[in-house]
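These notes concern the structure reproduced below.
All of the numbers you see were taken from the coordinates with simple rules; none came from a lab. Every value quoted in this text rests on a predicted model; they were computed, and no experiment measured them. Ideal geometry is used to build each Cβ from the backbone, glycine not excepted, and the neighbour counts take in all protein chains shown.
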Amino acid sequence: MKKQSSRATEQQSSRSLLCWIIVLLVSCSTVPPSSYASDISFHGFLQGNYSFNTDSSNPDGKDMKWAEERLQLKLDARKDPLNFFIKADAFYDHIDDASHLELREGYADFTSSSYDLRIGRQIITWGLGDLIFINDVFPKDYEAFFSGRPLEYLKKGIDGIKLGMYPSFASAELIIIPFFEPNNFPDPKRFHMFDPMPLITKREEEKPASTFDNTEIAFRMYRDVAGFDASLYYYRGFFRQPSMLPDSMTAPSKITLFYPELSVYGASLQGRMLDGVVSFEAGHYDSREDRDGTDPMTPNSQTKFLIGYQRQLWEDFTIGLQYFGEYMHDYSEYEKNLPSGFPQEKKYHDLASARLTQFLMHQTLRLSFFAFYSPSYEDYLLNPEIKYNFSDSVWAATGANIFGGGEEWDQFGQLDKNDNIYLQMRYEF
């Protein structure tokens, strides 16, 4: 259900790609001719990416989660203090029989000794989690992750401004996002997903309008503290997962998908300890439209934390462990107002993960295994993968996504029928 609206905006994304290219070309045209003796690099790749069901067919009857060929082009032009960068993809989707253009990134940089400025579409990564996001509040593409695409496609770009500041006492980043971008969730035509109101097919999405009051603000301050990397975070914007608002709780005929207001206050700390690297991250999610927890259609406020540990046990073998906890505030109000027929979330939700990585054959062969398991919901995700570099420019990877456990509405339990194996092949130039 959530995918329908994103499919409808693909034409808008193509127009956005052309607009950003025009903006960057106009920006380049304002640079004096003498400046064209800049450092210019041009790179890219050709990629095939295919994902096959191993459990059951898709809801639409097809047998593949993903099937595409993709061309990516990257142009990087530097002339101090300016930098222009474009990363654009063109691909053909065999499942939908359609070709697409996608602007992954497209921005202009200005750098000085005391600050730097980036304007345009950019991918931003905050926080310390391995596939667990607390203070990384920027948009994600979960369909890409569950379909077996390269991990870089989990992150989506934002159209905005990033200002980096470097006073003597700390460094800081200010992000301004005037155009809201939601998370991308699995397509209900390709993935079996839980829906609490499956019979209500009339649905519309209401994104936050692009107004001054709705402009998202994110701020991070970071510095070294006693040998540890310490950060403080702040975000004011919206949940990126939509909530469901039926027109009637007793006899609904229409559902509106909306994005409630959200503020996040967080911190993180990372450094060497116990013969490895220890990480700690926490964040408080302030649900500004439901601070008392009485609105069943809006998420309650939550407090989240993450503890991580990574260590190399022997040469070319590393292990990473994480424990994540999420506490729901005003839980009694949530229980009291939850509509009948809706699954009940737990007051405390926890999640553990493990990542094992072994390099062999002069690091040309990588064996990896990643697993999520929730003690509170008893559901899981398993992701084994093998990657081989044939040369510096050619590699291939194959792996699997295995879901199960829990109930049909849990995070991974609802994906139980979506097990798949995938193949990635790439030629880089």
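Some observations on this one:
- FRET efficiency, residue 195 to residue 55 (Cβ-Cβ, R0 30 Å, nearest 0.05): 0.95
- Note, ³J(HN,Hα) from phi for segment 61-73, Karplus 6.51, -1.76, 1.60, rounded to Hz, x at Gly and Pro: x, 7, 10, 10, 7, 8, 7, 8, 10, 9, 10, 10, 10
- FRET efficiency estimate (nearest 0.05) - Cβ-Cβ, residue 362 to residue 206, R0 60 angstrom: 0.65
- Chain lengthening between residue 294 and residue 179 when straightened (0.36 nm per residue, less Cα-Cα): 38.5 nm
- Distance histogram for segment 247-319 (every C-alpha pair counted, 5 angstrom bins, percent rounded to whole numbers): 3, 13, 15, 13, 11, 10, 8, 9, 7, 5, 4, 2, 0
- Note: segment 190-320, Cα convex hull, 188 Å³ per residue.
- Loop-resident GluC sites (Glu not before Pro) (DSSP state other than H, G, I, E or B) in segment 223-326 with no more than 12 further Cβ atoms inside 10 Å of their Cβ: 315.
- Candidates per chymotrypsin sites (Phe, Trp or Tyr not before Pro) in segment 153-214, loop by DSSP, up to 10 other Cβ within 10 Å: 169, 212
- Mean ellipticity per residue at 222 nm, deg cm²/dmol - from DSSP H runs of n ≥ 4 across the chain, formula -39500 (n - 2.57): -2500 deg cm²/dmol
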